[in-house]
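For reference, the structure discussed in these notes is given below.
The values are calculated or read from the model by the stated rules, or taken from the named source; none is laboratory data. Since this is a predicted model, take the numbers as computed values, not measurements. All Cβ positions, glycine included, derive from the backbone under ideal geometry; neighbour counts span all protein chains shown.
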Amino acid sequence: MIRKNLYLIILLCSFFSYTQTENCTSIYLIRHAEKIRDNSENKNPHLNKKGILRAHRWKNIFKHIEFDKIFSTDLFRTLETAKPISEHNGLKIITYTPSKIYYENFIKNNEGKTIFVVGHSNTTPAFVNALIEKKLYSDIKDDNNGNLYYVNKCDDSPANHVLYFIN
């Protein structure tokens, strides 16, 4: 069942990447994979074993998409989630600080590119909402590390989708 879902997901992602034209910007956004939760005071934990496996699954899901840039917040769990994809694409991870101002210029600064972004349960939906200029998505539940948001912005009409990947 998981293999069948993975195949369908790869086809969907491949479809999204091949529908892009030069005037379009394609952005794939996810929340970081599962983190170590043994110390509630640690604000910068690494990924746990399940999270490391998920990060590699993301790499496999995106293996047919050629990213131009990869963005991550500057925390262990997001950087570790982005790392397999950055290595596969031969790209350095660009760190960013989530903010409304940053989101507003993102499309303009990356026009015509295919982008991968790793964020957090609150910043990823906020980023998507800013890109589509609608408050459509709310914060991701803490036990959900499987959402994939896709925004394809061509001229002034953004299309967006959210897919959920089962653990």
Give the range 30-77 a look and list any residue that's out of contact with any helix residue (DSSP H, G or I) (no Cβ under 9 Å at 6 or more places or on another chain) and buried (at least 17 other Cβ atoms within 10 Å of the Cβ), or say none. Lys69, Leu75
Return only the number of the condition from (1) under 20 Å from Tyr149 (Cα atoms); (2) modelled with pLDDT of 95 or more; (3) part of a helix (DSSP H, G or I); (4) not basic (Lys, Arg) that His88 does not satisfy. (1)
Yes or no: the range 97-107 includes at least one residue that is within 26 Å of Lys35 (Cβ to Cβ), among the polar types (S, T, N, Q) and either modelled with pLDDT under 95 or assigned to a loop (DSSP other than H, G, I, E, B) (or both). yes
Lone qualifier among Asn105, Asn144, Asn110 - being touching a residue at least 60 places away in the same chain (Cβ under 8 Å), over 17 Å from Leu163 (Cβ atoms) and surrounded by fewer than 19 Cβ atoms within 10 Å (Cβ to Cβ): Asn110
The one condition in (1) modelled with pLDDT of 95 or more; (2) assigned to a loop (DSSP other than H, G, I, E, B) that Glu111 fails to fulfil: (1)
Contact list please: Cβ distance under 9 Å, first residue in the range 40-67 and assigned to a helix (DSSP H, G or I) and of a type outside the set (Lys, Arg), second residue modelled with pLDDT under 95 and surrounded by 15 or more Cβ atoms within 10 Å (Cβ to Cβ), pairs at least six apart or on different chains. Trp58/Phe165; Asn60/Leu6; Asn60/Ile10; Ile61/Leu6; Ile61/Ile9; Ile61/Ile10; Ile61/Cys13; Ile61/Phe165
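Do you know which residues across the range 147-162 are out of contact with any Asp or Glu (no Cβ under 9 Å at 6 or more places or on another chain) and either buried (at least 18 other Cβ atoms within 10 Å of the Cβ) or aromatic (Phe, Trp, Tyr) (or both)?
Here is the first cut: in the range 147-162, the residues out of contact with any Asp or Glu (no Cβ under 9 Å at 6 or more places or on another chain) are 147-152, 154-157, 159-162.
Result: Asn147, Leu148, Tyr149, Tyr150, Val151, Asn152, Asn160.
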